[in-house]
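Report on the structure given below.
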Amino acid sequence: MGEAAKEMTEQPLGERVLSRIRGDVLSLKLAPGEVVSERSLETTYGVSRTPIRQALAELIREGLVVKAERGYAIAPFDLQQLEEIFEYREIVEDAAIRLACERATPEELDAILRTVMRA
């Protein structure tokens, strides 16, 4: 069993469900504005209502899900805000990479290069 799969099975059920739903929201498998119910999520993820409710409560706190008239809805996203986030990430990630390269030893740089070449 791979490390990621092993870590996933060692997580409590509620955390695994939260990770799966969050992943489906972020990958747009669950579309922005899509209405979902606890019952439909129970069926989709094959778990009882308690971990679904826990996951939904956390996703509401994270702003990925909102309460709807009938159940819940995947939060819509603002394209302007998304564009600003990507611009910000580009600036921050560029600076982080530059700093890491300036501070890395030649051996660390070689290891990074090997990792990049494998990808």
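With the Kirkwood sum run over all distinct C-alpha pairs, the chain has a hydrodynamic radius of 17.3 Å. In the chain, the DSSP-assigned H stretches of four residues or longer account for a calculated mean residue ellipticity at 222 nm of -22000 deg cm²/dmol, using -39500 (n - 2.57) per stretch and the full residue count as denominator. Rounded to whole numbers, the Karplus 3J(HN,Hα) couplings from phi for segment 38-50 are 4, 4, 5, 5, 4, 5, 4, 9, x, 10, 6, 5, 4 Hz, using 6.51 cos²θ - 1.76 cosθ + 1.60 with θ = phi - 60°, and x at Gly and Pro. Neighbours of ARG98, meaning other residues whose beta-carbon lies under 15 angstrom from its beta-carbon, give a summed charge of -3 when Lys and Arg score +1 and Asp and Glu score -1. Couplings for segment 74-81, taken from phi via the Karplus curve 6.51 cos²θ - 1.76 cosθ + 1.60 with θ = phi - 60°, read 5, 4, x, 10, 8, 4, 5, 5 Hz in order; Gly and Pro are left as x. For the chain, carbon and sulfur atoms together expose 57% of the accessible surface, with a 1.4 angstrom probe and every protein chain in place. Working from Cα positions, state the angle (0 to 90°, nearest 10) between the long axis of helix 106-118 and the longest principal axis of the chain. Tilt of helix 106-118: around 50 degrees. Taking all Cα pairs closer than 8 Å and separated by 6 or more residues, the relative contact order of the chain comes to 23 percent. Rolling a 1.4 angstrom probe over the protein heavy atoms with all chains in place gives segment 12-119 an accessible area of 74 Å² per residue. In this structure the amide hydrogen of ALA68, modeled in the peptide plane, comes within under 5 Å of the amide hydrogens of ALA73, none closer than 5 places in sequence on its chain.
The values are calculated or read from the model by the stated rules, or taken from the named source; none is laboratory data. Every value quoted in this text rests on a predicted model; they were computed, and no experiment measured them. Because the Cβ atoms are built from the backbone with ideal geometry, glycine has one as well, and the counts that use them run over all protein chains shown. Note: areas computed on protein heavy atoms with side chains; ligands, DNA, RNA excluded. Shrake-Rupley method; radii C 1.70, N 1.55, O 1.52, S 1.80 Å.
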